[in-house]
1. Looking at segment 107-120, can you tell me whether even one residue there is on the phi > 0 side of the Ramachandran plot and of a type outside the set (D, E, K, R)?
2. Which of the residues spanning segment 274-308 are assigned to a helix (DSSP H, G or I) and in contact with a Gly (Cβ under 7 Å, 6 or more places away or on another chain)?
3. Within segment 67-96, restricting attention to residues that are among the small types (Gly, Ala, Ser), touching an Asp or Glu at 6+ places or on another chain (Cβ under 9 Å) and farther than 14 Å from ALA46 by Cβ, which residue is modelled with the lowest pLDDT?
4. On the basis of being within 21 Å of the chain's Cα centre (by Cα) and among the aliphatic types (A, V, I, L, M), does VAL230 make the cut?
5. Go through segment 329-384 and tell me which helices (runs of 4 or more DSSP H), entirely inside it, have 2 or more residues that are of a type in the set (S, T, N, Q) and outside the structural domain of SER129 (by TED's automatic domain parsing).
6. Can you confirm whether SER129 is touching a residue at least 12 places away in the same chain (Cβ under 8 Å), of a type in the set (Ser, Thr, Tyr) and not in a loop (DSSP other than H, G, I, E, B)?
7. Out of LEU250, LEU314, report the one residue that is of a type outside the set (Asp, Glu), outside the structural domain of SER220 (by TED's automatic domain parsing) and surrounded by 19 or more Cβ atoms within 10 Å (Cβ to Cβ).
8. Within the bounds of segment 135-150, is there any residue that is touching a strand residue (DSSP E or B) at 6+ places or on another chain (Cβ under 8 Å) and in a strand (DSSP E or B)?
Amino acid sequence: MEKKSSKRDDGQGSRAQLVLPIAGLLATVKGALMDWVINGGLAVLAALLEQEREALCGPRYRHLAGRTATRSGYAPGELVLGGRRVSVKRPRVRAAGGGEEIALPSWEQFADEDPLTMRAVEQMLVGVSTRKYKRSLEAMPAEVNERGTSKSAVSRRFVAATEEELSKRWSGSLASLCLAALMIDGIVCGEHTIIVAIGIDEKGNKHALGLVEGATENASSCTRLLTNLVDRGLDTTKSILVVIDGAKALAKSVRDVFGERAVIQRCQVHKKRNVLDHLPEHRRASIGAMISTAYRSPDPKRALRMLQKIARQLEHDHPGAAESMREGLAETLTVKNATLPERLERTLSTTNAIENMNGGVRRTTKNVRRWRGGKMVLRWVGAALSEAQKGFRRLKGHAGMPKLVAFLRAHDERLASSDVANDITLAPHRKVA
């Protein structure tokens, strides 16, 4: 028995002895391979630069008649590599006769700062802090001098890039978009609230449109956002479905900017939440269930009667809840009157689509511990919206979008008929000769 046990132990020990050297060898090979790839790439670049210099100056140590450029030694330079800047010797070329320096095409291409800035922005948006930026990069060979990975350097690049995006990305033209719906909601960052808007085109694709600082309860902020969208080319000649939370100021701003072309749908989830906030704890479950049942009704008239009945039941003991229920109640059933497919109706009855995007913004900005003013908040939220848009999918129920478009065009026709009727009614009667 003792012999068998010792043999088994010997076998396990030998296997362990084999595993350990292999693991160490793999780690060594990985490090050696990375060093070999980087050093090899730098060597290839050096050969390419020398080849370009030779094309301009001719072969070394040969006299050429009519030479237009001459070698001028080397100068220290830096290139972007793996999220940092590395030191590289730069071959120099001057025009013949000691003229101006001639740039080598490959050097100008590889020395571009943009890839480094893009890497810093991407790392921060996926949650890497400025302090840990260097640790997130692949290690360089010991003989390669590097810089540009410090906290301050990364922060400067991030600020510059997000400021540029804030001024360009959110001021571009919207004229090419054929939008059927618009969703507006607010997101809180520290002590600041940012109002954001997304558009849904006639095929069900989502587009982040714009953002301003201010709350949805602030009419001037809401109007500023909508006016900005119109100034950038958002079409106001056709009716559009506007899905909003329960803020009165936001509804007023939508009507002020779009007029009768705005078909407003108030979020059913916000309506339910606002009503329940006025109720004691022991009544919330039952009233919440009644409201949900009413909104699930396929008949909009029956749903309205059920909701009005709930308001009457609450009026005596909880007048605040009853008033909250009645405020803008019909506008919570707008898409139900459009007879859309059930899945699309559910999607457009709430602001869940934009709130999901806002959740992505919160995840992106969660590592920010202190907000230094509204400009910083706008920069971060703008960058986070651009990041969120990369993962946008088509709207749930997008197959029913043609029915929504038909509903909106029918609304346009009714408005046109009403305008014609008003013109006829208001026209002065002409005397018959």
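The values are calculated or read from the model by the stated rules, or taken from the named source; none is laboratory data. All figures in this text were calculated on a predicted structure; none of them were measured in a lab. Because the Cβ atoms are built from the backbone with ideal geometry, glycine has one as well, and the counts that use them run over all protein chains shown.
1. The first filter runs over segment 107-120 and keeps only residues on the phi > 0 side of the Ramachandran plot, leaving none.
Looking through segment 107-120, none of the residues is on the phi > 0 side of the Ramachandran plot and of a type outside the set (D, E, K, R).
2. The first filter runs over segment 274-308 and keeps only residues assigned to a helix (DSSP H, G or I), leaving 274-276, 281-296, 300-308.
Result: ASN274, LEU276.
3. GLY82
4. Values: within 21 Å of the chain's Cα centre (by Cα): yes; among the aliphatic types (A, V, I, L, M): yes.
It is true that VAL230 is within 21 Å of the chain's Cα centre (by Cα) and among the aliphatic types (A, V, I, L, M).
5. Working: elements: 334-337, 342-348, 352-365.
Here the list reads 334-337, 352-365.
6. Numbers: touching a residue at least 12 places away in the same chain (Cβ under 8 Å): yes; of a type in the set (Ser, Thr, Tyr): yes; not in a loop (DSSP other than H, G, I, E, B): no.
So SER129 fails the test.
7. Working: LEU250 fails: outside the structural domain of SER220 (by TED's automatic domain parsing).
Only one candidate passes the filter, namely LEU314.
8. Here is the first cut: in segment 135-150, the ones touching a strand residue (DSSP E or B) at 6+ places or on another chain (Cβ under 8 Å) are 137, 140, 144-149.
Now narrow it down to the ones that are in a strand (DSSP E or B): 146-147.
Yes; the residues of segment 135-150 include at least one that is touching a strand residue (DSSP E or B) at 6+ places or on another chain (Cβ under 8 Å) and in a strand (DSSP E or B).
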